[in-house]
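The values are calculated or read from the model by the stated rules, or taken from the named source; none is laboratory data. Bear in mind the structure is a predicted one, so any value in this text is a computation, not a measurement. Glycine gets a Cβ as well: all are built from the backbone with ideal geometry, and neighbour counts include every protein chain shown. Ligands, DNA and RNA are stripped out before the accessible areas are found, and what is left, the full protein with its side chains, is counted by its heavy atoms. Shrake-Rupley method; radii C 1.70, N 1.55, O 1.52, S 1.80 Å.
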Amino acid sequence: MAERCFLIVNPTSGSYSQQKIERVMTALRGHGLVPELMLTGSAADAPLFARRICAEEAEPFIIAGGGDGTINGVVNGLVPGRATLGVLPFGTANVLARELNIRSVDDAVQKLVRGGTRRLQVGLIEARGERKYFFLMAGIGFDGAVVENVRLGEKKIIGKGAYLLSALRTLAAWDRQQLEIRADGRVVECHGAVVCNGAKYGGDFVLAPVADIFTPGFQVLCVRGGKRRTYLKLALDMVAGRPPQGKDIAVFPARELEISGNKAIQVDGDYYCHAPVRITAVEDFVRVIV
C-alpha cells in the first residue's frame, strides 16, 4: 500500500512556485508516495494543519515547504515522538535545510524518496504560561531585538538585508541592560545570549561549531560587557569562518536554562517574547528526513 504524506506549504515563501510544487508532487508519486497538498493562508495554519494530521494519523509523515518560520510552525503542531518530518527549502535563509545538508528542492526530493531519518532534538521555551518549540536557536538581547525590529516591508523588498538594517538601528539605540542566566548549576551575567541547538546561523554562517541538532543539549553563547564592538567582532568572525572567541565571549553546554531580565527573544528567526523565560532541551522530538 502506498504511503500517505502531507505537504504543508507556505505559498508566500521566497522561492515558492506552483511549478516547483507540482514537480515535487509528481516525483513523490513516482516513488510510491501519495502526497496531499495543504497551502497555508497565514502563520497560524502550519501548526493547525500539523495538529490536525497528528490527530488523524497513527504515524504522520509531514513535509514542510517554506522557510524556517514555516517549519517552526509545523514543528509546533506535532505530537512529540510520533511524526516523520521532511523539509522543502522555499525560504530566505533555510538554515535547517543547511543543517540537514539540503542544498536545493531537487536535493530535498531525493532525500524524501530515500526516506532515511534521524531523531531531531528541539528546544522548548516557556514564558508566562505560553510554550513554544524551536529547532535552531533562541536569541536573547541584541539578537532578539534585531528580529523584533525587522520591518516587514523591508524584508519583502530586500530579504535578509532587512536584518542588517534592523541591526544598524539596534546598534544606534543601544540597550545596556544585563541578563542573568542560570544553566545546569552555572550562573552567568551577560548582555546577550544565543541558545544554539544547531551550529549554523542566518544561512551558512557557523555560530556554534560544537552544537548539533541530533545531539542532546545546547551550546550557549554569551556576550559579556555589553560593548557594541564585541558584537561587531562576533559578526566579523562568523563571516570569516572563525569560531567565536575573545574575553567577552563565553560558550558552554547546557540542557536547562532560566533567563531573567526584560530583553527581546527570537526563536528560529521570528520574534517570540521578552524574558524572563525557561528553556529546556527535548530529545527525540521528531524523525527528520536526512
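Values computed for the structure shown
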quantity: Computed over the chain: relative contact order in percent, which uses C-alpha pairs under 8 Å that are six or more apart; calculated: 21 percent
quantity: Degrees separating the helix 228-240 axis from the principal Cα axis of the chain, which is the longest one; calculated: 40 degrees
quantity: Nearest 10 degrees, 0 to 90: helix 45-56 Cα axis against the chain principal axis; calculated: 50 degrees
quantity: Contour minus Cα-Cα distance for ILE157 and GLU258 (0.36 nm per residue); calculated: 32.6 nm
quantity: Extension reserve of the ARG82-ALA235 stretch, reckoned as 0.36 nm per residue once the Cα distance is removed; calculated: 51.3 nm
quantity: Cα-projected label distance for LYS247 with HIS31, points at 7 Å along beta-carbon direction, nm; calculated: 5.4 nm
quantity: Spacing of the two label points (7 Å from each Cα toward its C-beta) at SER42 and LYS227, in nm; calculated: 4.7 nm
quantity: Accessible heavy-atom area order of HIS31, HIS191, highest first, probe of 1.4 Å; calculated: HIS31, HIS191
quantity: Structure-based [θ]222 nm, the chain - -39500 (n - 2.57) summed over DSSP H runs of at least 4, per residue, nearest 500; calculated: -8500 deg cm²/dmol
quantity: Extension gain, ARG169 back to ARG128 (0.36 nm per residue minus Cα-Cα distance, nm); calculated: 11.9 nm
quantity: Cβ-based charge dipole, the range 1-103, positive-most Cα from LEU85, ASN72, SER15; calculated: SER15
quantity: Free-standing Cys residues across the chain, given no other cysteine C-beta under 4.7 angstrom; calculated: CYS5, CYS54, CYS196, CYS273
quantity: The chain: angle of helix 18-30 to the longest principal axis, Cα-based, in degrees nearest 10; calculated: 60 degrees
